[in-house]
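Note sheet for the following structure.
The values are calculated or read from the model by the stated rules, or taken from the named source; none is laboratory data. Source: prediction; values computed, not measured. Cβ atoms come from the backbone with ideal geometry, glycine included; neighbour counts cover every protein chain shown.
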Amino acid sequence: MSERWGRFYGIGVGPGDPELMTLKAVRVLERVPVVCYPQSTAGEGSMALAIASGAVSLAGKELVPFPFSMSQPHTTDTWQGALGRVLERLAEGMDCAFLTEGDPLLYSTFVYVYEHLRRHHPQVSLEVVPGVSSVTAAAARAGVPLAAGRERIALLPALYHPQDIGPCLESSDTLVLLKVNRMLDAVRRELEARGLVDRAVLVRRATLPEEQVLCGPEALDGRVRDYFSVLIVRR
């Protein structure tokens, strides 16, 4: 075991376009020998790893997948083996980086790893490298200001809080809905009741080649039901 533990970095790789990764994210990834990334327990590929690979060569690095259950991402059971492997490397003095889409501390799987390490392994030095979030990327691609001056903005994962969509529309100047793909019908009803359908903007896979921006009724008619979608309603 090394006298010095390695540092564990949470790296935000942004929404999809590798050019949106920060200079610091690239610099850290270029030098760390161990790179971790989230992967669905269903065995699907990792979007975070694909983004990072577009900006940094990962050849020769030890790649460690962290399997997450998309239905219960908070459970630690699926990735305890991966974490044990990483802790061994950290104890040897190696720095490790965990890739995450968007920003590491905004609705990210990294949050669960981060809090687990802070609680159970306080000897590990942690550092978070912020990334461009899907929220700000979607607003930029759609050309929709999120907030200015004294305006209020609400951010809501629609799938888990459908009952709060209406109240958030009433109490905020801009409402941003994540995980909205399966909740478009409920959102449309709330917007119709308030005459706000024309204010809706749906951005699918912002900054990626398959990006789509739909406005008004087209944003809510169900033609796009992609998990990687953000709906913005600016009153």
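The table below lists the values:
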item: Sole residue being over 17 Å from K61 (Cβ atoms), at pLDDT 95 or above and surrounded by 15 or more Cβ atoms within 10 Å (Cβ to Cβ), chosen from L106, L90, L99; result: L106
item: Close pairs from the stretch 70-90: first under 13 Å from F8 (Cβ atoms) and assigned by TED's automatic domain parsing to the domain that holds V113, partner basic (K, R) and modelled with pLDDT of 90 or more, Cβ under 9 Å, at least 6 apart; result: L90/R7
item: Leading residue by the ranking (nearest to T22 (Cα to Cα)) among those in the stretch 33-64 that are polar (S, T, N, Q) and assigned to a strand (DSSP E or B); result: Q39
item: Test: residue in the stretch 122-144 that is more than 30 Å from L23 (Cα to Cα) and either touching a Pro at 6+ places or on another chain (Cβ under 8 Å) or surrounded by 18 or more Cβ atoms within 10 Å (Cβ to Cβ) (or both); result: no
item: Helices (runs of 4 or more DSSP H) within the stretch 132-198 that include 1 or more residues in contact with an Asp or Glu (Cβ under 6 Å, 6 or more places away or on another chain); result: 165-171
